[in-house]
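A.B. asks: I'd like to ask you about the structure that follows.
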Amino acid sequence: MAGLARPDAGRIRLGDDVWFDASRGVNRPPEERPVGYVFQDYALFPHLRVRANVAFGGNGRADDLLERFAIAHLARARPRDLSGGERQRVGLARALARDPDVLLLDEPLSALDAHTRSSVRLELREVLRELALPALLVTHDFEDAVVLADRIGVLLDGRLLQLGSAAELVDSPADPFVASLTGGNLLPGHARPVANGLTAVVLEAGGTVLSTEAGSGRVGVVVQPWEVTIARTATSDESALNHLPGVVASLFPVGNRVRVRVGPLTAEVTAASADRLELAPGEPVVASFKATAARLVPLRD
Amino acid sequence: MRRFAFTALLALALTVTAAFLLLPVLAIFLEVSPGRLLDQLGSEVALDAARVTLKTNAIALGLIVLFGTPSAYLLATRRFRGRALVVTLLELPLVLPPAVAGIGLLVAFGRQGLLGGTLDAAGVSVGFTQLAVVCAVTFVASPFYVRTAIAAFESVDETMFDAARTLGAGPARTFVRVALPLAGGGLSAGAAMAFARGLGEFGATIMFAGSLQGVTQTVSLAIYQEFDVNLDAALAISALLVLVSGAILLSVKVVSARAPSVWTSPPRFARSG
């Protein structure tokens, strides 16, 4: 996008402004593209002070931007003396100095330690909302994408697997990679249609699962952890059709919840429930979920 | 082998090496009294030699930096076919015997040389003039600068250049505002080493420029001439050279120690040298 690398084919344009067109030999150099680029490690110029960094692109807006990002007090500091969060703000301010039409952010949070990440992430979300500038953000962390983005595109091996809102990606993953990225369970198996418009999937890990989605051949059953209930005994006196007996393999507390691993499934229950049921590794339990919660994604053979 | 014995052997090797390298340098200062040394430095021969050396070396260094810096930048930042070959060619004078360099310069630029006719027609005669000294010094000293300069540019994180481009700086402005300042430490160190090498140049100079006092006789050539006529004079000039060389080496160390304030990432190409 920024013009720092040259694609083999394709077209890049903003509105009617064509920046790159392989078929017509158009390739505008980076200095002529109206982009603001925030690099993964911020790439602040070490030989310049903060104010000089922000003013590098010219345009006389340096002081306003320093004010806006609350770093005016750091104007004479050197990049090496700044904290991660401060560097990010300088990087952002610098990228905006030329009044760009698009903001490009390359893994803007990966250079931060875990402690500062979540607060800086929320700050960044506010900034992006305020700026109301089209922004393209690259990240490996699905959670970052959920917090910061309006639409999420999942790329694997150079292919766009799915483009949609976070909810769409979680509810209807188009590909097993997307399913695992969003944190859902993925159970491979073999599907065939059965009575009542349902699909039965014989799981490779053992057992059979019913789904309201259509599918055949090799598929992955996608179930979100919070849709899996844990019980001591199986009941047929309820609407959920899928019951997978197993043994508790591990428990992982996350805040007021507990992630319980039973066989190939990870379930998320409240900590209170985990206590009440006296869940512990080795205990026999039944993991259940509804057929309506079982999504099917095609798997390669 | 017992630990103590091994360490003792290492220390012995170091002592012998250090003594061997230090003795000749010390001897220069100890052989004659300081008063006599200073006396000799004021002689015609010494002063002429100093003048010739300073003038020719300053010009040579100027040329080396002027042409060497952009060359090094190109080699450090672009990949092209034959790049390795070009770098090796530029390093050649490092391993070439100075006398061979001198002969080479003579047959290239001298009266009867390859370009001799052309230069003659332009009214320029190179052999045995101060211009020849500049040529000889430039020839042998440039690899010292260019190699270090390439390494200096390579050690700059290329994301810096990317950042500058996205901020509206074209390739030329990026070179001036980002590459030069960030590679500055390395470039200075390279220039200092090239200067030191140039000061000590003898073989190529004497073959191509001759040893005419006041015209082409540099400090090194003066030492050689005075050596069997007036040892004291030779010693005086040598002592001066030792002090100057020592000062240059020290300044390079100091600058290099300050240089790593630049954030670095692995260089794009293998380091050349």
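A.B. asks: Quickly run through the stretch B:163-197 and pick out the residues that are basic (Lys, Arg) and under 30 Å from B:Val219 (Cα atoms).
C.D. replies: Once the filter is applied, which keeps residues that are basic (Lys, Arg) and under 30 Å from B:Val219 (Cα atoms), the stretch B:163-197 yields only B:Arg197.
A.B. asks: Run A:Arg121 past the list (1) touching a residue at least 60 places away in the same chain (Cβ under 8 Å); (2) in contact with an Asp or Glu (Cβ under 9 Å, 6 or more places away or on another chain) and report the number of the one that doesn't hold.
C.D. replies: (1)
A.B. asks: Would you be able to say whether some residue in the stretch B:138-149 is more than 12 Å from the chain's Cα centre (by Cα) and among the aliphatic types (A, V, I, L, M)?
C.D. replies: Looking for residues that are more than 12 Å from the chain's Cα centre (by Cα) and among the aliphatic types (A, V, I, L, M), one finds at least one in the stretch B:138-149, hence yes.
A.B. asks: Could you figure out which of (1) over 30 Å from A:Trp19 (Cα atoms); (2) more than 9 Å from chain B (Cβ to nearest Cβ); (3) of a type outside the set (A, V, I, L, M, F, W, C); (4) surrounded by fewer than 15 Cβ atoms within 10 Å (Cβ to Cβ) isn't true of A:Asp99?
C.D. replies: (1)
A.B. asks: Continuing with the same structure: Just the residues that are within 14 Å of chain B (Cβ to nearest Cβ), among the hydrophobic types (A, V, I, L, M, F, W, C) and more than 29 Å from the chain's Cα centre (by Cα), please, taken from the stretch A:1-53.
C.D. replies: A:Phe45, A:Leu48, A:Ala52, listed by residue number.
A.B. asks: Looking at A:Leu14, A:Leu4, which is the one that is surrounded by fewer than 22 Cβ atoms within 10 Å (Cβ to Cβ) and either touching a strand residue (DSSP E or B) at 6+ places or on another chain (Cβ under 7 Å) or of a type in the set (Ser, Thr, Tyr) (or both)?
C.D. replies: So the residue among A:Leu14, A:Leu4 that is surrounded by fewer than 22 Cβ atoms within 10 Å (Cβ to Cβ) and either touching a strand residue (DSSP E or B) at 6+ places or on another chain (Cβ under 7 Å) or of a type in the set (Ser, Thr, Tyr) (or both) is A:Leu14.
A.B. asks: Within the stretch A:183-197, how many residues are part of a loop (DSSP other than H, G, I, E, B) and crowded, with 18+ Cβ neighbours inside 10 Å?
C.D. replies: Qualifying residue count for the region: 1.
A.B. asks: Return the pair list, or none, for Cβ contacts closer than 7 Å from residues in the stretch B:73-89 that are farther than 20 Å from B:Gly186 by Cβ to residues that are surrounded by 12 or more Cβ atoms within 10 Å (Cβ to Cβ) and of a type in the set (Phe, Trp, Tyr), at least 6 apart or on different chains.
C.D. replies: B:Arg79/B:Phe269
A.B. asks: In addition: Just the residues that are within 14 Å of another protein chain (Cβ to nearest Cβ), surrounded by 14 or more Cβ atoms within 10 Å (Cβ to Cβ) and of a type outside the set (A, V, I, L, M, F, W, C), please, taken from the stretch A:60-74.
C.D. replies: A:Arg61, the sole residue that qualifies.
A.B. asks: Just to be sure I understand, how many residues within the stretch A:40-67 are closer than 26 Å to A:Gly15 by Cβ and touching a Gly at 6+ places or on another chain (Cβ under 7 Å)?
C.D. replies: Residues that pass the stated criteria total 2.
A.B. asks: Take the conditions within 17 Å of A:Ala179 (Cα to Cα), of a type outside the set (D, E, K, R) and at pLDDT below 90 and apply them to A:Pro253. Does it pass?
C.D. replies: No.
A.B. asks: From the residues in the stretch A:132-151 that are assigned to a loop (DSSP other than H, G, I, E, B) and over 8 Å from the mean Cα position of the chain (by Cα), which one is surrounded by the most Cβ atoms within 10 Å (Cβ to Cβ)?
C.D. replies: A:Ala149
A.B. asks: Could I ask something else about it? All but one of (1) in contact with a strand residue (DSSP E or B) (Cβ under 6 Å, 6 or more places away or on another chain); (2) under 15 Å from B:Gly68 (Cα atoms) hold for B:Thr166; state the number of the condition that does not hold.
C.D. replies: Of everything listed in (1) in contact with a strand residue (DSSP E or B) (Cβ under 6 Å, 6 or more places away or on another chain); (2) under 15 Å from B:Gly68 (Cα atoms), B:Thr166 misses just condition (2).
A.B. asks: Just for helices (runs of 4 or more DSSP H) wholly inside the stretch B:119-213: which have at least 3 residues that are away from every other protein chain (no Cβ under 14 Å) and surrounded by 23 or more Cβ atoms within 10 Å (Cβ to Cβ)?
C.D. replies: Here the list reads B:130-154, B:180-199, B:203-208.
A.B. asks: Suppose the filter is assigned by TED's automatic domain parsing to the domain that holds A:Ala111 and surrounded by fewer than 16 Cβ atoms within 10 Å (Cβ to Cβ); does A:Arg80 pass it?
C.D. replies: Yes: the conditions hold for A:Arg80.
A.B. asks: Within the stretch A:264-289, can you find the residues that are under 26 Å from the mean Cα position of the chain (by Cα) and of a type outside the set (Asp, Glu)?
C.D. replies: Scanning the stretch A:264-289 gives A:Pro264, A:Leu265, A:Thr266, A:Ala267, A:Val269, A:Thr270, A:Ala271, A:Phe289.
The values are calculated or read from the model by the stated rules, or taken from the named source; none is laboratory data. Keep in mind that this is a model prediction, so the values were computed, not measured. Positions of Cβ are generated from backbone atoms using ideal geometry, with glycine treated the same way; all protein chains shown enter the neighbour counts.
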